[in-house]
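The values are calculated or read from the model by the stated rules, or taken from the named source; none is laboratory data. Note that the structure is a prediction, hence the values are computed from the model and not measured. Cβ atoms come from the backbone with ideal geometry, glycine included; neighbour counts cover every protein chain shown.
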Amino acid sequence: MADKFIINGGKELSGEIEVRGSKNAAGPALIACLLCKEECIVDNVPFIDDILNILDILKSMGVEVEKIGEEKVRVKAENVDVENIDFEKVSKTRISVLFFGALLNRAKFFKLPPPGGDRIGLRPISVQLRALEKMGVKIERKDNFYEVSCEKLVGKEIVLEEFSVTATESLMLAAVLAEGKTIIKGAAAEPHVQDLGEMLLKMGAKIEGLSTHTIKIEGVEKLNGGTHSVIPDPIEAGTFIVIGALIPGKIKVTGVDLSHLDLFLAKLEEMGVIMERGEDYVLVSYSPNLKATKVQALPYPGFPTDLLPIIIPLLISAEGKSLVHDPLYENRFNYIQELKKMGADIEMVDPHRTFVFGPTKLLGAKIDSWDIRAGACLVIAALGAKGKTTIENVFQIDRGYEKIEERLQKLGADIKRI
């Protein structure tokens, strides 16, 4: 039977909570260890389900993986056996799509199943597959597998059809050891893309244009091992900041890279959230007088799509009508029906847009977590609701948040895992 959370809302929360390492940065960093035969140390790793799956996939290929600290992993990919890839684990996490780019530098032929991930709509990997094919890769879909072969990776100028994070990262992993120069136009610039680039630079790669939408990579003959600490998770930081604004009390969210949250924090201030920013922390106070707003997900440095579900509980408490628009994923709003069970006044305009009417007081209910960020949204809503809420399928939340119930308990939350 799957775990569930029992949350009794309405409790005052106070204290400090530290942001853990970014899931979306740690996964690519661990996969990048395949690009050399020497030892790599990756620090600030969150030991959540998606990352544990990546580590298991590496182990299945004969890669040495050792946890050497609370948040630190040693990886040595001296030997890589692509015939023993754990296909089941590949199909459980979206991050595994990056093995396409990394394994091209370790094997002339391999098979991979489609990656897993959240149920938030169509997330085809055709953009990155077509881009890799331009570098000389042959990819065929047979049954439920991709068969990938390549005699020689050759750098090319590639224009991506969209600002795809995984396509950009896959191309980076392939291009650093390819012959010649690769230019990625329309590249994603998200913080975790930049973080992957920083790690590859430490390993000896030649990369220009990180943080821009044009990345230039000059292929090198080999990469070296090294040590890298992944960035703090901006989505987790945003989650705790919203909790501080919605629930009576005061929370200090520490270990934050504020530069990764510029537009998000500006939007919260526009709504009337009371907070104080430090060098690496945000002190956020209960903010009862919130104003409605419009929020649209955009590629970085725009409002992150993963923070759209997180801000919804605030909009439910805000005065007036808010509009939320996610042009990327048609099933991003699958959690709206769960919030309605709690009494939220929300109207779906179409699969990409929804109106939120407030302020509305939520009541506890039995609800279901559909994906990582939807689950976090429901936890936030339950903390602020009156009465008891039961959230089913919290394994979805575990994929993105490490021991979230234990950390919230330290702030005073009445939340239990059953």
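Every condition in (1) in contact with a Pro (Cβ under 9 Å, 6 or more places away or on another chain); (2) small (Gly, Ala, Ser); (3) more than 24 Å from Thr305 (Cα to Cα) is met by Ala175 except one, and the failing one is (1). Against the list (1) assigned to a strand (DSSP E or B); (2) under 25 Å from Ser22 (Cα atoms), the condition Ser96 fails is (1).
Looking at Gly204, Gly219, Gly244, Gly225, can you tell me which residue is among the small types (Gly, Ala, Ser) and buried (at least 21 other Cβ atoms within 10 Å of the Cβ)?
Numbers: Gly204 fails: buried (at least 21 other Cβ atoms within 10 Å of the Cβ); Gly219 fails: buried (at least 21 other Cβ atoms within 10 Å of the Cβ); Gly225 fails: buried (at least 21 other Cβ atoms within 10 Å of the Cβ).
After applying the criteria, what remains is Gly244.
Scoring Ile311 on the criteria (1) of a type outside the set (Phe, Trp, Tyr); (2) surrounded by fewer than 16 Cβ atoms within 10 Å (Cβ to Cβ); (3) under 19 Å from Trp370 (Cα atoms) leaves a single failure, condition (2).
Residue check: is Arg130 surrounded by fewer than 17 Cβ atoms within 10 Å (Cβ to Cβ) and either farther than 20 Å from Cys33 by Cα or under 18 Å from the mean Cα position of the chain (by Cα) (or both)? Quick ask: steps written out before the conclusion?
On the way: surrounded by fewer than 17 Cβ atoms within 10 Å (Cβ to Cβ): yes; either farther than 20 Å from Cys33 by Cα or under 18 Å from the mean Cα position of the chain (by Cα) (or both): yes.
So Arg130 passes the test.
Which residue is nearest to Gly226 (Cα to Cα), if the candidates are limited to region 160-197 and must be among the acidic types (Asp, Glu) and surrounded by fewer than 18 Cβ atoms within 10 Å (Cβ to Cβ)? In this case the residue turns out to be Glu179.
For (1) over 26 Å from Ile17 (Cα atoms); (2) surrounded by fewer than 23 Cβ atoms within 10 Å (Cβ to Cβ); (3) assigned by TED's automatic domain parsing to the domain that holds Ile95, each residue gets a yes or a no:
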residue: Ile274; (1), (2), (3): no, yes, no
residue: Gly278; (1), (2), (3): no, yes, no
residue: Tyr281; (1), (2), (3): no, yes, no
residue: Ser285; (1), (2), (3): no, yes, no
residue: Lys340; (1), (2), (3): yes, yes, no
residue: Ile346; (1), (2), (3): yes, yes, no
residue: Lys366; (1), (2), (3): yes, yes, no
residue: Ala374; (1), (2), (3): no, no, no
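Look at region 98-113: where a residue is farther than 16 Å from Ala175 by Cβ and a partner is among the polar types (S, T, N, Q) and not in a strand (DSSP E or B), sitting 6+ places away or on another chain with Cβ atoms under 7 Å, you get Pro113/Ser91; Pro113/Asn144. Among residues of region 52-63 that are farther than 14 Å from Ala107 by Cβ and of a type in the set (A, V, I, L, M, F, W, C), those with a beta-carbon under 7 Å from a residue that is at pLDDT below 95 and outside any helix (DSSP H, G or I) at least six positions away or on a different chain give the pairs Ile54/Thr93. Restricting attention to region 385-418, the residues being surrounded by fewer than 21 Cβ atoms within 10 Å (Cβ to Cβ) and touching a Leu at 6+ places or on another chain (Cβ under 8 Å) number 3.
Every listed requirement among (1) crowded, with 24+ Cβ neighbours inside 10 Å; (2) out of contact with any strand residue (DSSP E or B) (no Cβ under 6 Å at 6 or more places or on another chain); (3) among the hydrophobic types (A, V, I, L, M, F, W, C) is met by Leu298 save one, (1).
Being under 21 Å from Ile158 (Cβ atoms) and among the aliphatic types (A, V, I, L, M) is a condition met by at least one residue of region 76-99.
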